[in-house]
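Below is one structure, written out as structure tokens, with a few remarks after it.
The values are calculated or read from the model by the stated rules, or taken from the named source; none is laboratory data. These numbers come from a predicted model, not from an experiment. So basically every Cβ, Gly included, is an ideal-geometry build from the backbone, and we count neighbours across all protein chains shown. The protein model used for the area step is the full one, side chains on, heavy atoms only, and it has no ligands, DNA or RNA in it. Shrake-Rupley method; radii C 1.70, N 1.55, O 1.52, S 1.80 Å.
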Amino acid sequence: MDLSEFLDLMAAGEPVPPTSEAHGVMIEVGERARRITARINGGYRTGEEIAELVGELIGSPVPEGFRLFPPFTTDFGANIHLGRGVFINSGCRFQDQGGIWIGNRCFIGHNVVMATLNHELAVERRSTVVPAPIVLGDDVWIGASVTITAGVTISEGAVVAAGAVVTRDVPPRTVVGGVPAKIIRPIEEGTEEDGEAGGAGS
């Protein structure tokens, strides 16, 4: 199985048992991702050098305006998709086998976790993983120490407050927070938010 076939399997949401050929691809690509992120995190890099390494990681040049502050880790790397003007702050961890799509002008705060794999619940099948994508629309702001679980879409313009655990889809232009995350308030068009956004944190 090549990477393209594996990504098709992930897009279909097919379970991956530990003895499968797909699981072998996950391990192989994951080793490559760790080698690249070790270079990202192993010493000072300019913004241009980081962008080049991230492009190598995801398999295509990063769009204009991309910035990332290390350290950054991912256990796959080849199913991350970036829009223009994305900023990823330090300490983020992406589990992207199921696909992570980040829209234009998104801000990702410190220590954000995005996890696109679940384990099957039954004990005898718990080593089998089930993928589902995470999608961030344009202009989404994810606060510090947020966890986003598999299958979640955060729609355009939304803000996730610091420390939230997002387990279900977020409507456009809303602020959500808490564990599990719930709607706090809408974001009104053209209003001043005083840089707080419900305590999102950067």
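Mean-square fluctuations from a GNM of the chain, with a 10 angstrom spring cutoff on Cα atoms, peak among E28, E56, E124 at E124. Note on the range 24-44 and the range 114-134: Cα centroid distance 22 Å, given to the nearest whole angstrom. Summing Lys and Arg as +1 and Asp and Glu as -1 over all other residues whose Cβ lies under 12 Å from the Cβ of I50 gives a net charge of -1. The V179 and E124 beta-carbon pair, evaluated with R₀ = 30 Å, returns a calculated FRET efficiency of approximately 0.50. Label zone (E21, point 7 Å along Cα-to-C-beta; backbone nitrogen cut-off 14 Å) within the range 89-104: none. Accessible area per residue for the chain is 49 Å², calculated with a 1.4 Å probe on protein heavy atoms, without ligands, DNA or RNA.
Within the chain, which is the longest segment containing none of the trypsin sites (Lys or Arg not before Pro) that sit in a DSSP loop and have at most 13 other Cβ atoms within 10 Å?
Working: sites that count: R126, R168.
Of all site-free stretches, the longest is 1-125.
Taking the chain as a Gaussian network of alpha-carbon nodes connected by springs under 10 Å, the highest mean-square fluctuation of the residues G178, G103, G143 belongs to G178. Taking one quarter of the surface of the convex hull spanned by the alpha-carbon atoms of the range 4-55 gives a direction-averaged projected area of 4.4 nm². Protein heavy-atom surface of the chain, 1.4 angstrom probe: 53% of the accessible area is carbon and sulfur, with nucleic acids and ligands not counted. Between the helical axis of 21-41 and the longest alpha-carbon principal axis of the chain there is an angle of about 50 degrees. Computed on the chain, with alpha-carbon pairs under 8 angstrom and 6+ residues apart, the relative contact order is 14 percent. For the range 64-141, the Stokes-Einstein estimate of translational diffusion at 4 °C and a viscosity of 1.567 mPa s comes to 99 µm²/s, using the Kirkwood hydrodynamic radius over alpha-carbon pairs. If you count only protein heavy atoms and use a 1.4 Å probe, how large is the accessible surface of H23, to the nearest 10 Å²? Surface accessible to solvent at H23 totals approximately 50 Å². Compute the acute angle (0 to 90°) between the alpha-carbon long axis of helix 47-58 and the principal axis of greatest extent of the alpha-carbon atoms of the chain; round to the nearest 10°. Value to nearest ten degrees: 50.
Which net charge results for the neighbourhood of T153, defined as the other residues with beta-carbon distances under 13 angstrom from its beta-carbon, given Lys and Arg at +1 and Asp and Glu at -1?
Numbers: positive: R168; negative: D138, E156, D169.
Computed value for this residue: -2.
Summing Lys, Arg as +1 and Asp, Glu as -1, what charge do residues with Cβ under 10 Å from the Cβ of G85 carry, G85 excluded? Don't skip to the end; give the middle numbers.
Values: positive: R67, R84, R105; negative: E64, D138, D139.
After counting each charged neighbour, the total is 0.
Between T19, T74, T153, the residue with the greatest mean-square fluctuation in the GNM of the chain (Cα pairs under 10 Å linked by springs) is T19. Rolling a 1.4 Å probe across all protein chains gives I100 an accessible area of roughly 0 Å². Give the Debye-formula value of log10 I(q)/I(0) at each listed q (0.13, 0.19, 0.21 Å⁻¹), with one equal scatterer per alpha carbon of the range 72-202, two decimals each. The Debye formula, applied to the Cα set alone, gives -0.49, -1.00, -1.21. Accessible surface for M26 stands near 20 Å², nearest 10, in the context of the full protein assembly shown (1.4 Å probe). Here the range 1-132 carries DSSP beta bridges of which approximately 25% are antiparallel, counting only pairs with both residues inside.
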